[in-house]
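**Student:** Once you've had a glance at the structure underneath, I'll fire off some questions.
The values are calculated or read from the model by the stated rules, or taken from the named source; none is laboratory data. Bear in mind that the values here come from a model prediction, so they are computed numbers and not experimental data. Neighbour counts are summed over all protein chains in view; Cβ atoms, including those assigned to glycine, are modelled from backbone coordinates with ideal geometry.
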Amino acid sequence: MLTALLVSVGIISLIAVFLALLMVIADATIGNYGKVKISINNGAKELDVQGGQPLLKALNQEGVFIPSACGGRGSCGLCKVRVVQGGGAYLPTELPWISADEQKLNVRLSCQFKVKTDISIAVPEELFSVRQFSTTVESIKDLTHDIKEVRLKLDDPEIIEAKAGQFIQFQVPEYENSDEPVYRAYSMASSPSDNRHVELEIRLVPNGICTTYVHKFLKVGETVTVNGPYGDFYLRDSDRDVICIAGGSGMAPIKSILMDMAERNIQRKTMYFFGARSKRDLFLTEEMHDLETRLHDFTFIPALSEPKSEDNWTGETGMITDVVRKHVTNGANSEAYLCGSPGMIDACVQVLKELKVPEDRIFYDKF
């Protein structure tokens, strides 16, 4: 009986190996599409690339950088590109991210859509200003038990032109947890005025490829490749009151926006609600309270959802949505800027709408 079972297992293993070998051969022969042409924005730029690879990868290799928070795994939905001509049918991995209206325009998820024939695409003009930078790790500092501040000095090019609140993509090299280089998106915490540095706040995610690399392998003095800037999460030019809400490493773009406001002497009533679980999850509180003395009519309101007895916390407690309700009575003349987890942001958007903040004035960055 045991012998028969072992023989069966052996046969199944051999079949699996044979099928895997066939797939490799098919990919190298049948799947060899040769060179294909990508025409961008009615021929403004034309690329000859190797066929059969994801559009996101093909564009990146040619210096056209499309934002992708998940690094091309199909889990963030950011890397959308409109395919004007060519492309074929949608893949099942694209459809969860593409709305019915986007399907009518043939918007594709570039990390999943593979370039097999000549195609014509349309991308926002601002992506042509995105650059790849070689940087040096200048410092790494613990902000909390699971968040590190990484400060990068730009080497080539030496200057980045960004808006407060935008993000870059950080390239993780091949290492023991990844058999190829991958990109991950992180908001810049530094002020745009310091255009020779990029400061990041990176929270450790269990088994996260990039966060594990940063927290356990990255060293001061190492070279890191980044590209950017990206994103439309930035302070709008108006005289409305400002409501900021963040949690964890969502502090990064809000800090950048507030520092920029202080440096440019923007005088708008501003409240910043920062949610944390316990006192050990709070950070940069001194910097935020210092901004209360430098920034016109600014109030920083940290809140703990699960304070510990040893925290001796006398500030706000409870869910950040309840704290917002307590301090905001009417948001009709406000804009809101939110950064954090999808669950937190969705809950805050609902509360802000109840407080009369128009939905088209609620800006957020989910991660």
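**Student:** Taking the condition modelled with pLDDT of 90 or more, of a type in the set (Val, Ile, Thr) and closer than 30 Å to residue 87 by Cα, does residue 144 pass? So that I can check it myself, show each step before the final result.
**Tutor:** Working: modelled with pLDDT of 90 or more: yes; of a type in the set (Val, Ile, Thr): yes; closer than 30 Å to residue 87 by Cα: no.
Answer is no for this residue.
**Student:** Give the number of residues within region 94-135 that are over 19 Å from residue 51 (Cβ atoms) and within 21 Å of the chain's Cα centre (by Cα).
**Tutor:** 19
**Student:** Related question: Looking for something among the small types (Gly, Ala, Ser) and outside any loop (DSSP other than H, G, I, E, B) - is there at least one such residue anywhere in region 105-127? Full working, then the answer.
**Tutor:** Here is the first cut: in region 105-127, the ones among the small types (Gly, Ala, Ser) are 110, 120, 122.
From what is left, the residues that are outside any loop (DSSP other than H, G, I, E, B) are 120, 122.
The answer is yes; a qualifying residue exists.
Yes/no matrix, rows are residues, columns are (1) surrounded by fewer than 20 Cβ atoms within 10 Å (Cβ to Cβ); (2) in contact with a Phe, Trp or Tyr (Cβ under 8 Å, 6 or more places away or on another chain); (3) outside the structural domain of residue 50 (by TED's automatic domain parsing); (4) not in a loop (DSSP other than H, G, I, E, B):
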| residue | (1), (2), (3), (4) |
| --- | --- |
| 137 | yes, no, yes, yes |
| 151 | yes, no, yes, yes |
| 160 | no, yes, yes, no |
| 180 | yes, no, yes, no |
| 186 | no, yes, yes, yes |
| 190 | no, no, yes, no |
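**Student:** Quick one: how many residues across region 195-222 are polar (S, T, N, Q) and in a helix (DSSP H, G or I)? Give the steps one after another, and end with the answer.
**Tutor:** Initially, region 195-222 is screened for residues polar (S, T, N, Q), giving 195, 207, 211-212.
Subset that is in a helix (DSSP H, G or I): 211-212.
Within region 195-222, residues that are polar (S, T, N, Q) and in a helix (DSSP H, G or I) number 2.
**Student:** Filter region 49-65 down to the residues that are outside any helix (DSSP H, G or I) and either touching a residue at least 40 places away in the same chain (Cβ under 8 Å) or touching an Asp or Glu at 6+ places or on another chain (Cβ under 8 Å) (or both), then identify the one that is surrounded by the fewest Cβ atoms within 10 Å (Cβ to Cβ). Step through it out loud before you land on a result.
**Tutor:** Of the residues in region 49-65, the ones outside any helix (DSSP H, G or I) are 49-54, 62-65.
Then drop every residue that is not either touching a residue at least 40 places away in the same chain (Cβ under 8 Å) or touching an Asp or Glu at 6+ places or on another chain (Cβ under 8 Å) (or both), which leaves 49, 51-54, 63-65.
On the way: 49: 18, 51: 18, 52: 17, 53: 15, 54: 18, 63: 13, 64: 20, 65: 22.
Here the residue is 63.
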